[in-house]
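Derivation of every value follows stated rules applied to the coordinates shown; laboratory data play no part. Because the structure is predicted, anything quoted here is derived from the model rather than measured. Neighbour counts run over all protein chains shown; Cβ positions are idealised from the backbone, glycine included.
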Amino acid sequence: MNVRKTGFSIVSLFLFIGSLHAQILDKEVFAERRQRLMDRMDGGVAVFQNASVSNRNSDVDYPYRSNSDFYYLTGYTHASAAFILAPAEEKSFILFVQPKNLMTSLWLGDIPGIEGAMEVFGADTAYAFDAFEDVLGRFIGTSQKLYYDIRNEELSETIRSALPSPERGGPDQMIDVLPLVHELRVIKGPEEIKLLEKTIGITCQALVEVMKAAEPGMYEYELGAIIDYVYKKNGSQRKGFPSIIGSGPRSTIFHYEANDRQTRSGDVVLIDIGAEYGYYSADVTRTIPIDGRFSQEQKDIYEIVLAAQEAAIEVMVPGKGAREYYTHAEDVIKEGLYRLGLITDRNTTWQHRAYYYPYIGHWLGLDPHDAGRYGDGPAGRPLEPGMVLTVEPGLYFGENMIEVFRQSMLRRGRIEEAELDSFLQQVRPVFEKYMHIGVRIEDDVLITPDGNRILSAGAPKRVKDIEATMKKKSRFN
């Protein structure tokens with residue numbers, strides 16, 4: 001393979017349908033987003049730079065993906081790009097890109113170039129990326145406010161180089177632009193919801209195929225290969241995040257990614273995956289029995305988690321807090337653990353934390369953990385139509401969890417050691433009964449004007465539905 005370091009990625013072709021530069025979303029969508037951002041700026045200019053290419057090894061780069069904020073405002077999917085928003089100017093959207101020439105056509109093919117920046121991506125004017133620092137210097141020399149991503153070191157260095165000398169003035173205020181952009185991203189437009197429906201649908205298809213194919217003796221990465229195939233077969237050419245496929249003891253590791261264990265009879269397999277389509281990510285988790293039927297112990301834990309999730313989804317409606325559903329799930333978890341003898345006090349504020357991680361949801365969109373504030377206080381900001389969140393309660397019985405929990409509680413100093421050790425001594429025999437069972441159930445939920453809609457309903461999650469799906473024949477065995 002002849003490879004050269006460039007700003008190009010094969011996966012960037014994913015956004016092109018029909019002709020090379022036709023976007024999935026109309027350029028007017030991005031123009032409207034930029035206008036909403038400019039309406040929130042109080043004078044000044046905003047400047048953004050796209051993600052850089054990241055080297056994998058030698059002369060091979062990682063597949064390229066645009067920065068999510070950059071894509072959200074432009075739709076542009078290539079490296080070596082930047083733009084300026086200048087609300088007071090007649091030509092307010094200035095885009096800097098790789099120009100077309102004989103060398104770029106040889107190595108990169110037919111990239112958009114300066115002409116495409118204007119015709120396809122709606123720039124009012126465009127320049128070669130090499131001119132970015134010089135043009136930026138002219139703008140910030142006369143602007144009182146400069147909005148930019150203050151955590152972007154490469155952009156910060158460019159701005160420092162472009163700043164005029166002290167005697168020539170410059171911006172009085174340097175303002176972080178991301179809170180403004182991220183607030184725009186919280187409420188999804190109809191075009192975003194359609195893309196989320198598509199990518200979540202692909203993810204659910206992959207989970208169904210894995211359920212049908214799974215059997216003892218398969219390696220976790222074999223299940224991952226089925227997932228990858230279904231993604232690509234249905235138009236998702238990259239993942240929203242690395243697949244988590246944890247079997248047996250690995251199911252109790254929150255973000256396990258090795259996926260190299262061979263499954264054994266009696267295992268549960270926790271599968272947390274998300275396709276990406278049109279730059280939007282899914283995030284869906286199902287837990288299945290590798291034998292095709294849940295054991296009684298597995299079912300005990302699974303039914304508690306499912307009940308907790310259903311209680312949470314019930315209150316994910318307009319006006320409720322963005323974190324309020326956490327409490328409803330936690331109450332069900334505590335009741336279920338008490339019933340099984342895994343905690344000794346149903347009103348506890350701490351015992352259930354030996355098996356349960358309380359932060360069970362997040363925004364979903366361009367990023368699996370999408371941008372935006374959750375609001376202040378225990379309940380968080382009120383939910384509104386157009387918000388998309390995940391809800392993913394889980395219970396985990398890993399062999400090291402009891403000791404980790406003990407150390408954590410002692411470090412916090414809230415529980416007396418004698419009380420803690422007495423609790424652990426009482427529940428340990430029951431804990432060992434459920435050792436190596438990890439269960440997480442995650443769905444993607446759209447807040448609607450009259451309640452909510454589960455976008456990931458295509459992936460079976462009731463015990464009888466999972467077991468029925470696993471009886472079906474798979475083309476992958």
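Look at the alpha carbon pairs under 8 Å that are at least 6 residues apart: their mean separation over the length of the chain gives a relative contact order of 14 percent.
If R0 is 35 Å, the Cβ-Cβ spacing of residue 403 and residue 31 corresponds to a FRET efficiency of close to 0.05. Listed from fewest to most Cβ neighbours within 10 Å, the set 330, 432 follows the order 432, 330. Separation between the residue 453 and residue 428 pseudo-spin-labels, each 7 Å from Cα along Cα→Cβ, expressed in nm? It is 5.2 nm.
Mind pulling the angle between the C-alpha long axis of helix 417-433 and the longest principal axis of the chain? Nearest 10 degrees, somewhere in 0 to 90. Tilt of helix 417-433: around 80 degrees. Gain on full extension, evaluated as 0.36 nm per residue between residue 59 and residue 265 minus their Cα-Cα distance, stands at 69.8 nm. Checking (i) 56.9; (ii) 26.0; (iii) 20.3 against mean projected area of the Cα convex hull in nm² calculated from these atoms, the matching label is (ii).
With a Förster radius of 56 Å, plug the Cβ-Cβ distance of residue 476 and residue 173 into 1/(1 + (r/R0)^6) and report the FRET value to the nearest 0.05.
The pair residue 476/residue 173 has a calculated efficiency of 0.45.
Among the listed pairs 212/471; 233/471; 232/473; 198/232, those whose Cα-Cα separation exceeds 18 Å are 233/471; 232/473. The length gained by stretching the chain between residue 327 and residue 255 to full extension, at 0.36 nm per residue less their Cα-Cα distance, is 23.6 nm.
The C-alpha atoms of the chain define a longest principal axis, and helix 190-213 lies at about 40 degrees to it. Take the Cβ atoms of residue 359 and residue 115, set R0 to 60 Å, and the FRET efficiency comes out at 0.80. Loop-located trypsin sites (Lys or Arg not before Pro) in the stretch 402-465 (DSSP state not H, G, I, E or B) with no more than 15 neighbouring Cβ atoms inside 10 Å: 414, 462. With label points built 7 Å along Cα→Cβ from the Cα atoms of residue 106 and residue 221, find their separation and express it in nm. About 3.7 nm, to one decimal. Under the combined filter of DSSP loop state and at most 16 neighbouring Cβ atoms within 10 Å, the stretch 33-72 retains none of its chymotrypsin sites (Phe, Trp or Tyr not before Pro).
Placing a pseudo-label 7 Å from each Cα along the Cα-to-Cβ vector at residue 335 and residue 293 gives an inter-label distance of 3.0 nm. Helix 401-412 and the long axis of the chain differ in direction by around 70°, with both axes built from C-alpha atoms.
A helix-only calculation puts the chain at -11500 deg cm²/dmol for mean residue ellipticity at 222 nm, using -39500 (n - 2.57) for each DSSP H run of at least four residues, averaged over all residues.
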